[in-house]
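*Asks:* The following block contains the structure, expressed as C-alpha cells.
Readers should treat all values here as calculations from the given coordinates under stated rules, not as data from a laboratory. Bear in mind the structure is a predicted one, so any value in this text is a computation, not a measurement. All Cβ positions, glycine included, derive from the backbone under ideal geometry; neighbour counts span all protein chains shown.
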C-alpha cells in the first residue's frame with residue numbers, strides 16, 4: 001500500500017488486477033500447530049470445501065478488513 005491505497009498488478013493475458021498484498025488460508029493454533037492445506041490436502045483442493053472449525057468470527061473480521069483494504073488476492 002502507498003499512502004493508504006492498495007497497489008494492484010495486472011495479470012496478463014487474463015486482464016485482471018490482483019492486489020500486491022495477498023491473504024493466505026493457514027491458521028496457526030495456540031499449540032504451534034497449523035490448520036489449512038496440511039490437514040487434508042485432497043479435500044482442501046476441492047471447490048467449496050470448508051475445513052472443520054473454519055470460518056469463525058475472527059476469520060470473518062479479518063476477511064472484512066482485508067476486503068475494505070482492497071485485498072482481492074486470497075490463497
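*Asks:* Could you list 27, 17, 68 so that the one with the fewest beta carbons within 10 Å of its beta carbon is first and the one with the most is last? Could you put the intermediate results ahead of the total?
*Replies:* On the way: 27 17, 17 14, 68 8.
Ordered from fewest to most neighbouring Cβ atoms within 10 Å, 27, 17, 68 come out as 68, 17, 27.
*Asks:* Can you tell me how much longer the chain between residue 8 and residue 63 gets when fully stretched, taken as 0.36 nm per residue apart minus their C-alpha distance, in nm with one decimal?
*Replies:* Result: 18.0 nm gained on full extension.
*Asks:* Counting each DSSP H run of 4 or more residues in the chain as -39500 (n - 2.57), what helix-only mean residue ellipticity at 222 nm follows after dividing by all residues, to the nearest 500 deg cm²/dmol?
*Replies:* It lands at -6000 deg cm²/dmol.
*Asks:* With a bin width of 5 angstrom, please list the P(r) values of segment 11-75 as percents of all Cα-Cα pairs, from the 0 bin to the one holding the largest distance.
*Replies:* 4, 14, 21, 21, 20, 14, 5, 1, 0
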